[in-house]
Amino acid sequence: MGQSNSSFGAASETDSREISPSRRFSFRSSSPAVISGLGAKREDEVLERVSGGFDYSADIPDECLALVFQFLGAGDRKRCSLVCKRWFRVDGQNRCRLSLNAQSEILTFLPSLFSRFDSVTKLALRCDRKSISVNDDALVLISIRCPNLSRVKLRGCREITDVGMEVFAQNCKALKKFSCGSCMFGAKGMNAILNHCRALEELSVKRFRGIHEGSEMIGPGVAASSLRSVCLKELINGQVFQPLIVGSKKLTTLKLIRCMGDWDGVLEMIGTGNTGFVEIHLERLQVSDLGLSGISRCSNLEVLRIVKTPECTNYGLVCVAEHCKRLRKLHIDAWRTNRIGDEGLIAVAKQCLNLQELVLIGVNHTSLGLTAVASSCQKLERLALCGSGSVGDAEIACIAAKCVALKKLCIKGCPISDVGIEALAWGCPNLSKIKVKKCRGVSGGIAEWLRERRESLIVNWDDGVAGPLDASVSQIGPQECRMEFHRTVHPGTDATAGPSSNGPLTLFRTKFGFLAYRNLVQCAFRRCPNDDNSSNGNL
């Protein structure tokens with residue numbers, strides 16, 4: 001009896017005193033034992049005090065709460081900002097990235113919007129084709145409210161003119177990255193950005209509608225002292241950017257993708273004006289060996305992608321190989337024109353001894369070119385052979401015997417058989433992943449056989465369903481590189497098992513796996529985020 005009374009008295013004493021902030025999190029775990037002797041009415045009162053009477057985030061500093069918000073997605077962050085006034089305030093004061101639907105109706109809401117989000121440094125304005133976009137007044141207002149913008153992206157803002165861009169550039173001089181697409185302002189607006197944004201490092205221009213024949217030249221401006229990357233896509237008169245490309249002495253990355261006109265003159269000027277380029281992408285351009293000879297003067301070049309430029313031949317590739325001996329990554333999509341073959345590959349093998357990544361698409365080389373690469377490029381870690389009718393079992397056997405450092409191999413649309421795949425069981429000691437796609441001579445049983453011989457090897461194989469060969473470099477991205485294939489053989493799995501044995505996800509991949517073949521290069525290798533800088537490249 002004495003023990004029972006003392007127990008009830010302790011419970012009453014605990015219930016009568018106010019719960020201290022230090023016991024907020026420990027009270028809930030002990031509450032069942034405390035309220036077990038109370039009536040239903042007292043139990044409801046205690047639970048109400050515990051669950052509804054305290055803000056468990058009150059002790060969290062605003063800085064920590066803002067850090068938590070940064071890990072949330074856009075939808076979750078919006079919902080969290082509506083929980084209470086404090087969360088609403090903390091979210092607004094610490095949001096650095098903002099993306100807006102840039103329709104004209106947003107103009108009246110901009111003052112209140114940027115009164116709440118007064119710390120925005122990264123802004124994206126997007127408007128669809130069927131709507132009227134924001135105009136100069138909205139852009140000027142944004143530049144006044146957000147003078148510390150460092151990254152700006154404009155998409156479909158067709159109502160913005162050169163006048164608005166001039167004022168915007170004067171107010172946002174701290175801009176580091178600027179990207180525009182499907183905009184109508186012209187060369188004067190672009191020159192305003194280059195003349196006022198001294199810290200500009202990256203410039204991306206896509207479908208720039210405001211440039212016409214006879215437009216004034218663009219660049220270099222004060223941004224030439226800091227600009228490091230330029231990307232031009234789908235431009236009609238993109239040659240007006242020549243002063244910017246040639247005059248930016250610190251420019252290291254140049255991407256020219258699906259731009260109209262002759263680009264040989266621009267690339268020839270690169271060799272005389274700026275030889276510090278490290279990465280150059282050429283895709284679907286009117287470029288010949290003259291352009292490649294101009295690129296060859298960039299002795300520091302490490303990454304070169306030549307995609308569907310039918311006028312480029314072995315001569316241009318030989319020029320690049322002889323002068324760009326630091327080349328680490330080389331992508332060639334010859335579009336099956338038979339203008340690049342053994343001669344170019346042999347030159348690359350002799351001169352570019354640091355080559356780590358090689359992608360050959362539609363290149364009809366013979367065993368001579370591959371043998372030279374396999375023998376000389378001892379640092380080669382990633383190799384893709386796609387759409388070549390001259391790559392057979394003998395070439396694969398040569399790779400297996402001589403590519404000691406090879407880690408990832410992709411073979412697609414080549415006339416190989418099980419004999420060639422069997423050679424990989426005994427060669428390439430560092431090989432960790434192999435993908436075989438659309439090779440009709442390779443049977444399904446060879447994948448399981450290869451796995452048994454090399455348990456650590458990841459094998460991706462399909463049964464040779466026909467599909468297009470597409471190596472558009474512009475479509476390559478981190479998310480696309482993570483696409484899986486519908487039949488994958490991993491260590492410890494059964495290659496002959498049906499789709500139903502692996503659940504609904506495998507069944508979905510089996511039925512819709514053809515979607516993974518849309519991009520040839522993205523099928524080559526998956527991103528390896530844990531690799532070091534020397535081997536983390538994606539194809």
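The values are calculated or read from the model by the stated rules, or taken from the named source; none is laboratory data. Values in this document were obtained by computation on a predicted structure and should not be read as measured data. Neighbour counts run over all protein chains shown; Cβ positions are idealised from the backbone, glycine included. We work out accessible area using only protein heavy atoms, side chains counted, and drop any ligands, DNA or RNA first. Shrake-Rupley method; radii C 1.70, N 1.55, O 1.52, S 1.80 Å.
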Assigned charges on the beta-carbon of Lys, Arg, Asp, Glu; region 246-311 dipole about Cα centre (debye): 280 debye
Tally Lys/Arg at +1 and Asp/Glu at -1 over every other residue whose Cβ is under 11 Å from the Cβ of Ala74; what's the total? +4
Taking 7 Å along the Cα-to-C-beta vector as the label spot, tell me the Glu216-Ser115 distance in nanometres, rounded to one decimal. 3.9 nm
Ignoring ligands, DNA and RNA, what percent of the accessible area of region 104-251 is carbon or sulfur (1.4 Å)? 51 percent
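Stretch Leu72-Leu353 to full length: gain in nm at 0.36 nm per residue minus the Cα-Cα span?
Result for the pair: 96.6 nm of gain on full extension.
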Post the alpha-carbon centroid distance, region 333-351 to region 392-431, in whole angstrom. 20 Å
Sorted largest first, the Cα spans of region 381-464 on the principal axes come out in Å as 26, 23, 17
Taking the Cα-to-Cβ direction at Ser443 and at Ser299 and moving 7 Å from each Cα, how far apart do the two end points lie in nm? 5.6 nm
Over all distinct alpha-carbon pairs, what is the Kirkwood Rh of region 230-332 in angstrom? 13.1 Å
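Considering only protein heavy atoms, what per residue accessible area in square angstrom results for region 269-335 with a 1.4 angstrom probe?
Working: 2210 Å² over 67 residues.
Accessible area per residue: 33 Å².
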So, for region 123-195, what is the accessible surface per residue at a probe of 1.4 Å, expressed in square angstrom? 42 Å²
Simple label model, 7 Å out from Cα along Cβ direction - Ser229 to Arg79, nm: 3.3 nm
Given a Förster distance of 60 Å, report the FRET efficiency between Ser417 and Ile132 from their Cβ-Cβ distance, rounded to the nearest 0.05. 0.50
A correct Stokes-Einstein calculation for region 104-251, using the alpha-carbon Kirkwood radius, 37 °C and 0.692 mPa s, returns a whole-number D in µm² s⁻¹ of 215 µm²/s
Distance violations [Cα-Cα > 28 Å] among Lys177/Lys435; Lys233/Lys379; Lys325/Lys438; Lys308/Lys329; Lys249/Lys407: Lys177/Lys435; Lys233/Lys379; Lys325/Lys438; Lys249/Lys407
Once you've got the Cα coordinates, tell me which of Lys402/Lys433; Lys122/Lys255; Lys250/Lys402 are over 27 Å apart. Lys250/Lys402
Quantify, in whole percent, the carbon and sulfur part of the accessible surface of region 381-464 (1.4 Å probe; protein heavy atoms only). 53 percent
Once the Cβ-Cβ distance between Leu368 and Arg453 is put in as r, and R0 is 30 Å, what FRET efficiency do you end up with, to the nearest 0.05? 0.55
